[in-house]
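The numbers here are math on the coordinates, done by the rules we state, and not lab data. These numbers come from a predicted model, not from an experiment. As a convention, Cβ positions derive from the backbone with ideal geometry for all residues, glycine included, and neighbour counts pool all protein chains shown.
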2 protein chains.
Amino acid sequence: MSASQVELITIGDELLLGFTIDTNAAHISRALAASGIEIVRRTTVGDEAERIAQAVREALDRTGAVITTGGLGPTSDDLTKPAIARIFGRAMKLDEAIAAKLEERWRARFPNSVFPSTNRTQAEIPEGARILVNRHGTAPGIWLEDEKGRWVAMMPGVPREMRGMLAEELLPAIKARMQGVVSVVLSGTLRTTGIAESAIAELLGPSFLGDPQSELGSLPLAYLPGVAGVDLRVTAKGLPPERAQKLVKEAIVKLRSRVEAYAYGEDDADLAAVVLDRCRALHLKLAVAESCTGGMLGERLTSIPGSSDVFLGGVIAYHNDVKKELLGVRAEDLERHGAVSEEVALQMAAGARDRTGAQIGVSVTGIAGPGGGTPQKPVGLVWIAVHGSDAKARRFHVPGDRAEIRQRAAQAALEMVRRTLAKG
Amino acid sequence: MSASQVELITIGDELLLGFTIDTNAAHISRALAASGIEIVRRTTVGDEAERIAQAVREALDRTGAVITTGGLGPTSDDLTKPAIARIFGRAMKLDEAIAAKLEERWRARFPNSVFPSTNRTQAEIPEGARILVNRHGTAPGIWLEDEKGRWVAMMPGVPREMRGMLAEELLPAIKARMQGVVSVVLSGTLRTTGIAESAIAELLGPSFLGDPQSELGSLPLAYLPGVAGVDLRVTAKGLPPERAQKLVKEAIVKLRSRVEAYAYGEDDADLAAVVLDRCRALHLKLAVAESCTGGMLGERLTSIPGSSDVFLGGVIAYHNDVKKELLGVRAEDLERHGAVSEEVALQMAAGARDRTGAQIGVSVTGIAGPGGGTPQKPVGLVWIAVHGSDAKARRFHVPGDRAEIRQRAAQAALEMVRRTLAKG
């Protein structure tokens, strides 16, 4: 049992039935790991008092430090507090201040009906509990501790409420118990795109495979392929903070030296932000012309705050008439080469640039499927063009379903702009 | 211990550290629930043999039926099989066919290096195990069972491989063990937008609150608010399939009768698809003009396969010059009223319609933040206009951060088109 090890129990039928994806769990894990606190096990149970109690009892026996989320909400779900209070042998006691607040809220919603007694249970608190204040909702959090120092912290399941309470109340409380951080879990990520996992493995060679003799100072290396590309992640566990930082930094430098041309950033870097920064530094304005991505490229660029000083806009040219009318694509080229062709991609990029007054135009035209493919032009075929001081187009064959093809195409278009600007 | 109750154990440091969100767990839960199999507990542990074994032992004692995902991958993670084999008292045995396949794959990637003996462990299978074929990757799944009929099924953690194996191998194996389905978990969802959770509660009234006397035949009702609106979900648990279907259907009809104007679909319905279907039925073409959403509205419409017969495209008018040049917004109106105004929204919608040849143009202009707000025009202010046979614009004040404001604005724009067309 270590001071910096915790178990997490997430409660809710919605989670267990798979209707809700458990993003709370990932958020709590990351927030705790950053403070040197390790989640050693995570358990999810439904809204049933006996199952909640059993899971908490087991976790207390194993680890002695337990965080729960969920089951503090409306009456029918409100099982967590009494179930856990019984484990600690505590009675439930009505907190008048909380009850008054709940009743006030009810009356505002249903002025003509009586406040149901079942709803008052939300204001019941185990005796001897410490309240974790909820500044973002009604249900308070609760910290219960026994004479051996074993504790359970209960938080609501609503993500906004949980996140606020974790940062403002729970993390400070856990940190205050720790006798100085002895070790942390620290990760570093190098983000690559335009190269397959197997090709990266070849560039790195077998000496990077994460055994104790590895070039990464024994840090394990994970390949994380996704639609944005392949992320390479190294993780240091159980080391003092400074040693972990040094090892992770050195490992990322080593990885970058092998895959330099494909690496666009580290950790949470977004390629759209990288492209905008590069344009900004070069005082260039950017515009888009999108067919198969249908606005996704513009959406990615404008998702970055402050994009308006670089990104002017562009045209969603889904129908061929729009390619002609709004981008000036020649009818005979559409006729002769088809909408998914080098010629049309180049004219779309030029049109986006010239009609918006930008210095760089980038276009995407492709076949996202599931229909519309032919043997000559199969689903996944994408032409991307960038028109700056000179023009170039590139053909891609992109794997995946409709959503993946569109996401990979948008990412490839951003990467093509990045490489164009990297060359100056 | 019931024939239709299973525990799920997901394995991986990446999950426990919160780097990866556990989408496998939700997928498996939904797939099993649809077959009448209930996941009663979910556990996540890291890549450590003893922790994996402990979690599996406990789950076997509680439920006797366990599915694991992860830990079947590359050598350093390959802890699951031997850890679980030991619980069953089985030795590991090399499967020559699997070993040959792995070696072949290695040689293709690293022609000049020796196949490491550590990699051969991936081809080791517990004695007496049944292989679950992996048609989408290299690591096979494994089914182990003891003389009491307690079983563990191990699947890989890569989502694509896991999903294939679940559908093709594991689900049929579990179903074959069940003595006819006695009860299922069944849910129905009514999707609403443009109305707050509290306003829905008021429309429904207190008799819908999910107690045994509720109007929903005792099915619990969950409010699931999100950027697309508020979903209302009823769930029937532990009932025979036909009875569950009937109750869920009746509950949805009852809910719909109360919130009719705001309900755009059921279950996984996407408002973009609803809008496209409505346009298609009326033989109308649609175009967009987007400022603060930057392409998101077009992206949502084109995410639907077959959208090209309705959606023509449009203009991402992020900069005011693009609003003027490509949509014909009058300079004096931009000057006098600002880009986020009724006048500009109306002219943008008209421009999108006229310049693409569509019958309906829809526009969005707003302040997504975090910067750019003023006391008169705060962050979250959005004007949306729809220009069909007649024109109308509406002002919204949308809550949330930049991403949420944009998502809510795009959804509100689609809803405004839906309501315009609903009126005929």
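A convex hull fitted around the alpha carbon atoms of the range A:271-422 yields 93 Å³ per residue. So which of B:Lys392/B:Lys423; B:Lys101/B:Lys148; B:Lys324/B:Lys392; A:Lys285/B:Lys285; A:Lys324/B:Lys285 end up more than 25 Å apart, counting from Cα to Cα? In this structure, B:Lys101/B:Lys148; A:Lys285/B:Lys285 lie more than 25 Å apart at Cα.
Suppose the Debye formula is applied to equal point scatterers at every Cα of the protein assembly as shown; what is log10 I(q)/I(0) at q = 0.04, 0.05, 0.07, 0.11 Å⁻¹? Ignoring solvent entirely, the Cα scatterers give -0.19, -0.30, -0.61, -1.48. Relative contact order of chain A: 10 percent, from C-alpha pairs under 8 Å at least 6 residues apart in sequence.
Nearest to the axis that brings chain B onto chain A is this chain B residue, judged by its Cβ, with the distance in whole Å: B:Gly295, 2.
Counting every pair of alpha carbons in the range B:335-424, the share spaced more than 16 Å apart comes to 52 percent. Within the straight-line cut-off of under 24 Å between alpha carbons, the lysines reachable from B:Lys249 are B:Lys237, sequence neighbours fewer than 8 places apart in one chain being disregarded.
Calculated on the alpha-carbon coordinates, the convex hull of the range A:184-266 measures out at 79 cubic angstrom per residue.
Net length available on complete extension from B:Glu145 to B:Gln359 is 70.7 nm, with 0.36 nm assigned per residue and the Cα-Cα distance removed.
For the range B:83-191, evaluate the Debye formula with one uniform point scatterer on each Cα (no solvent term) and list log10 I(q)/I(0) at q = 0.14, 0.19 Å⁻¹, rounded to two decimals. These q points yield log10 I(q)/I(0) values of -0.69, -1.08.
Packing, as the average of other Cβ atoms within 10 Å across residues, places the peptides A:9-21, A:127-139 in the order A:9-21, A:127-139, highest first. May I ask you to derive the FRET efficiency for B:Val253 and B:Arg280 from their Cβ-Cβ distance with R0 = 22 Å, giving the value to the nearest 0.05? E between B:Val253 and B:Arg280, to the nearest 0.05, is 0.25.
Helix B:241-259 and the longest principal axis of the Cα set of chain B meet at an angle near 20°. With its label point defined 7 Å out from Cα along the Cα-to-Cβ axis, B:Lys249 lies at 6.6 nm from the matching points of the other copies, in increasing order.
Shortest first and in nm to one decimal, what separations exist between B:Ser198 and its copies in the other chains, measuring from label points 7 Å along the Cα-to-beta-carbon line? Listed shortest first, these distances are 5.8 nm.
For chain A, the longest principal axis of the alpha carbon atoms and the long axis of helix A:23-34 meet at an angle near 80°.
Counting Cβ atoms of other protein chains within 10 Å of each Cβ in B:300-310 and taking the mean gives 5. P(r) for the range B:21-120, from all Cα pairs and a bin width of 5 Å, is 2, 10, 17, 18, 16, 14, 12, 6, 3, 1, 0 %, short bins first.
Could you give log10 I(q)/I(0) at q = 0.16, 0.19, 0.24, 0.28 Å⁻¹ for the range B:347-390, computed by the Debye formula over C-alpha point scatterers of equal weight, without solvent? Listed by q, the Debye log ratios stand at -0.50, -0.60, -0.72, -0.84. For A:Lys246, the aspartates and glutamates whose Cα comes closer than 15 Å to its Cα, not counting residues fewer than 8 places off in the same chain, are A:Glu215. Restricting the calculation to alpha carbons of chain B gives Rg and Dmax of 27.6, 84 angstrom. Would you tally the net charge around A:Leu132, using a Cβ to Cβ cut-off of less than 9 Å, leaving A:Leu132 out, and scoring K and R as +1, D and E as -1? Spelling it out: positives minus negatives among the neighbours equals -1.
Note on B:6-19: average number of Cβ atoms from other chains within 10 Å of each residue's Cβ is 5.
Here the calculated FRET efficiency for B:Arg419 and A:Lys93, from their Cβ-Cβ distance with R0 = 45 Å, stands at 0.35, rounded to the nearest 0.05. Remark: label point of B:Lys392 defined 7 Å out from Cα along the Cα-Cβ vector; separations to the same position in other copies 5.2 nm, ascending. The calculated 222 nm mean residue ellipticity attributable to helices in chain A amounts to -11500 deg cm²/dmol, summing -39500 (n - 2.57) over DSSP H runs of n ≥ 4 and dividing by all residues. Taking every residue in A:23-31 and counting other chain Cβ atoms within 10 Å of its Cβ, the average works out to 4. Antiparallel as a % of all DSSP beta bridges within the protein assembly as shown, to the nearest 5? Expressed as a percentage, antiparallel bridges in the protein assembly as shown total about 65. Convex hull volume per residue, computed on the Cα atoms of the range A:5-177, equals 113 Å³. Counting only lysines at least 8 places from B:Lys81 when in the same chain, those with an alpha carbon closer than 18 Å to its own are B:Lys93.
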